[in-house]
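What follows is one structure encoded as structure tokens, with my remarks underneath.
The values are calculated or read from the model by the stated rules, or taken from the named source; none is laboratory data. Treat the numbers as computed from the prediction; the structure is a model and nothing was measured. Glycine also receives a Cβ, built like all others from the backbone with ideal geometry; neighbour counts cover every protein chain displayed. Note: areas computed on protein heavy atoms with side chains; ligands, DNA, RNA excluded. Shrake-Rupley method; radii C 1.70, N 1.55, O 1.52, S 1.80 Å.
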Amino acid sequence: MTRSGALAAVDECQRLGREAFCGRYGFGRTATYDLVLDGGRYDVEVIAAVAHLYAAGTLLSAEDFSGGADAVAHQMRALGFTVEDAIDVADGEDQESAPQLVLQPRGARDRGPQHFVRSVRQGIPLADIKDALGSQADVLAALYPDGIARLWGSTPTTQVNNEKAKALRGRRVGDDVLFYAENHFIARARILHLFDSFPVARAVWGTDEGDASWEHIIVLGDVEEFPTRIPAAPVLRRLNVSAPLRSLTLRSADDYRRVARFLPECRQPAAVPLRRALPAASSPLTSRDLLERVGSLNTHRHPENNAPSRHQPLALLWAISRIAAGKPRLAPWSSFRAEVGPLMAAFGLPGSKVTPEYPFWHLRGSGLWEVHGVRPDAGPMPQVGLFNRVQPVAGLTHAAAELLRNPLARLEAVVKLCGTYLDGVDQRELLSRVGLAGYATADGLLDDGEDDSAQEAADAKRATGPTERRESTSSRLVRDPAIASRVKKLHGHACQVCGEKLYYKRKPYNQAAHIRGLGSPHHGPDELQNLLCLCPNHHLLFDGLEIYVDIDDTVRRTHGGEPVGHLHRDARHHIDEAYLQYHRTLCDLSRLTGK
């Protein structure tokens, strides 16, 4: 286990919620030790298990902790974490959904009061900042049906352990914000959403003399301005915070409860789990967003021919292949360097240096990538020596990885990468190298010993003498012969492309072809909606991505687009259009890789 892997696990727990995080990895709530970080408490054994997954590639189970909870706690302390005895949550309250307390200085100079009036009290019309919102537009539109957003923000900090840095890392959806001004607390609001955006901050608040703005943005619920300002000194004293309040500060849910008597009773329930009630706010990424971001990477351009650098696209292709193979979405720097470095050497632009550290770090700008274990003050491009020393983990964000588990979204992303950045590359060889060779055919890579046409039993080989044999073990995909038989009978044993009826040994002979293949990486289902009845010729062409079914049921050649027939349909045989779309997208990739 590494500290970087543990930080990645903590981040995922914050995103999913404690109960969902434990359930995702097959753990119940532990009752011995909690890992305590920036005011949050996390089940130490689950964090350790997932930390091992991201650092070493395998998820530990409770049985793998040979020394029990004490040994796990000892190892986490050795990694620099605080581990305490687990605490019971009072009155059955879910600690993960209980709000923390964010202490937010409003600022005494003109900018602070003016910004508070404009962006908190009055609100910002979404129409005024629509050009800056980008992917956040849909989220804020859902949160503010009236079109008026209430926003506040913070400038970045170069420190890592000061109060502001801890608050920026640890605050979360559902926390309460107390606004501070002139030794009093003046208002309170709940956090509905969090995001970082310099363009939005500049559009709302402008920039200061150093061209900085409040780019760490909080999206607020109903703002409760106190009729009588609350003296801050008693609250700050019990929270062990120096007066006057000068910095953004975060305190735990337990601390919040201890000072609640000094504040007006919350108009909102104390433990409304807003993160769970508003999934769109915490995971706004859509399939369309995914493809747009894949197609608009901030890549360097070759100074002579303006060709885009291939380093980030190659790294993303590698990450997508991990999802297809069922591997963890995050991997340590050592694995990334060992696997992506050779891809850059073989498929990068001619003459380009092999620098895997650049995509490892800079892919964060895509909104699809995250890095854990590097301090925020490491600079715009940390040294390789730092990566070697701390072994950060990086990979696709949780939202991106979840979308890419869908085979069609994954295939479309591969097509976008190949078509946008990898012209001039032997793409078939590249896909094979990263583990996506199955995209070369519609049936994909089958298990050892598996032959997609074996069920037809028509191609027995002849030999003039005994043939050598060898022992082997294999696994076979389990098909339902009744479904294959049914699709043939529904179409009268005629090919759905050419209408031909073949006979073999005086019996009708044709083949049941899967539209989205059963093999890896397609993993299509063995069901009637995923089958066509085809003659051997058109089955071979269909699986070889030489023909496809267009949206108007015209059967066309992949290379050239000439029509070769029309798909014959039967009302009793429903074909899922999503499978045909998947096959068409495969043919798009075949056109790219067949250059």
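With charges set only on the Cβ (+1 for Lys and Arg, -1 for Asp and Glu), what does the dipole of the chain come to about its Cα centre, in debye to the nearest 20? All intermediate terms of the calculation are to be shown ahead of the outcome.
Details: 71 positive and 73 negative charges, 80 e Å.
It works out to roughly 380 debye.
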Where the centroid of each part is defined by its Cα atoms, how far is the stretch 390-430 from the stretch 142-175 in Å? 30
Please turn the phi angles of the stretch 385-391 into ³J(HN,Hα) values with the Karplus equation 6.51 cos²θ - 1.76 cosθ + 1.60 (θ = phi - 60°), one per residue in order, whole Hz, x for glycine and proline. x, 5, 4, 5, 7, 9, 6
Under a crude label model (7 Å from the Cα following the beta-carbon direction), how far is ASP254 from THR355 in nanometres? 4.7
For GLU577 and ARG405, compute 0.36 nm times the residue count separating them, minus their Cα-Cα distance, and round to one decimal in nm. 60.0 nm
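Show me the ranking of peptides 161-172, 7-18, 313-324 by mean Cβ neighbours inside 10 Å, starting with the highest.
Numbers: 161-172: 19.0, 7-18: 22.1, 313-324: 24.0.
Descending packing order for the listed peptides: 313-324, 7-18, 161-172.
Can you pull the percent of the chain's accessible area that's carbon plus sulfur, 1.4 Å probe, other chains left in place?
Working: 13690 of 28500 Å².
Of all accessible area on the chain, carbon and sulfur atoms account for 48 percent.
Just to confirm, what accessible area per residue do you get for the stretch 328-451 at 1.4 Å probe, in whole Å²?
Details: 4960 Å² over 124 residues.
About 40 Å² of surface per residue is accessible.
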Sorting check: for 362-371, 131-140, 222-231, which peptide has the highest mean count of neighbouring beta carbons within 10 Å, and how do the rest follow? 362-371, 131-140, 222-231
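Sort 290-296, 38-44 by packing, meaning the average of other beta carbons within 10 Å per residue, with the highest value first. Numbers along the way, then the final one.
Numbers: 290-296: 17.7, 38-44: 21.9.
Going by the mean number of other Cβ atoms within 10 Å, highest first, we get 38-44, 290-296.
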Efficiency of FRET between ALA20 and SER296 - r from beta-carbon atoms, R0 35 angstrom, step 0.05: 0.65
Just the number please: accessible area per residue for the stretch 160-267, 1.4 Å probe, all protein chains included, in Å². 46
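Note the full-extension length gain between ASN162 and ARG121 as 0.36 nm times their separation in residues minus their Cα-Cα distance, in nm to one decimal. Show your work: numbers first, answer last.
Details: separation 41, 0.36 × 41 = 14.76 nm, distance 2.91 nm.
Using 0.36 nm per residue and subtracting the Cα-Cα distance, I get 11.8 nm.
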Phi-derived 3J(HN,Hα) across the stretch 518-523 with the Karplus relation (6.51, -1.76, 1.60, θ = phi - 60°), rounded Hz, x for Gly and Pro, is 7, x, 6, x, 7, 6
Once the whole set of protein chains is in place, how much accessible area is left on SER61, using a 1.4 Å probe, in Å² to the nearest 10? 40
First check a/c for the stretch 358-421, with a ≥ b ≥ c the square roots of the eigenvalues of its C-alpha gyration tensor; if it is under 1.5, answer rounded, and if not, answer prolate when a/b is larger than b/c or oblate otherwise. prolate
Based on the alpha-carbon gyration tensor of the chain and its eigenvalue square roots a ≥ b ≥ c, which shape applies: rounded if a/c is under 1.5, prolate if not and a/b is larger than b/c, or oblate? prolate
Run the numbers on the chain and let me know its relative contact order in percent, using alpha-carbon pairs under 8 Å that are six or more apart. 11
Once phi for every residue in the stretch 534-547 is put through the Karplus expression 6.51 cos²θ - 1.76 cosθ + 1.60 (θ = phi - 60°), the whole-Hz ³J(HN,Hα) values, with Gly and Pro written as x, are 10, 6, x, 4, 6, 5, 5, 5, 5, 5, x, 6, 8, 9
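ASN240 to ALA346: FRET efficiency via 1/(1 + (r/R0)^6), r the Cβ-Cβ distance, R0 56 Å, to the nearest 0.05?
Details: r = 56 Å, r/R0 = 1.01.
Efficiency, rounded to the nearest 0.05: 0.50.
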Under the rule of at least 5 residues apart or a separate chain, name every residue whose amide H is placed under 5 Å from the amide H of HIS566. VAL555
Cross-link partners of LYS130 among lysines (Cα-Cα below 28 Å; sequence separation of 8 or more within a chain): LYS416
The stretch 494-508-the stretch 180-247 distance, computed between alpha-carbon centres (Å): 74
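Return the equivalent ellipsoid semi-axes of the stretch 336-395 as a descending list in whole Å, where each equals the square root of 5 times an eigenvalue of the C-alpha gyration tensor. Write out the running numbers ahead of the final one.
Working: eigenvalues 85, 33, 24 Å².
Each semi-axis is the square root of five times an eigenvalue, giving 21, 13, 11 Å.
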Here the FRET efficiency for ASP11 versus ARG506, based on Cβ atoms and R0 = 60 Å and rounded to 0.05, is 0.35
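Using a ≥ b ≥ c from the Cα gyration tensor of the stretch 209-248 (square roots of the eigenvalues), is it rounded, prolate or oblate, where a/c under 1.5 gives rounded and otherwise the larger of a/b and b/c decides, a/b for prolate? Write down the numbers at each step before the final one.
Values: a/c = 2.48, a/b = 1.37, b/c = 1.81.
Cα axes put the stretch 209-248 in the oblate bin.
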